[in-house]
């Protein structure tokens, strides 16, 4: 799915090779359902809602990344 790959690329662009970028590289699930795009990262309890569109999801990831979440 093209949108899924775009969101994944944005996620690892933000995380880079540090923090969750290293430990969670193979443990990322990006899902889409009737509530929109969701991210399940490193076994968190439930998926994070990112938005209805790919652009909204990518913007949400950038916002989360700006708070340095998951980065060392």
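Numbers for the structure displayed
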read-out: Over 19 Å [Cα-Cα, the stretch 2-66], rounded percent; value: 21 percent
read-out: Mean separation of Cα contacts under 8 Å, 6 or more apart, over the residue count of the stretch 2-66: relative contact order %; value: 30 percent
read-out: Gain in span if fully extended, residue 13 to residue 59, counting 0.36 nm per residue against the direct Cα distance; value: 15.3 nm
read-out: Full-extension gain in nm, residue 29 to residue 42, via 0.36 nm per residue minus C-alpha separation; value: 3.8 nm
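A short reminder: the numbers here are calculations on the coordinates, not readings from a lab. What you see is a predicted model, and the numbers here were worked out from it, not measured in a lab.
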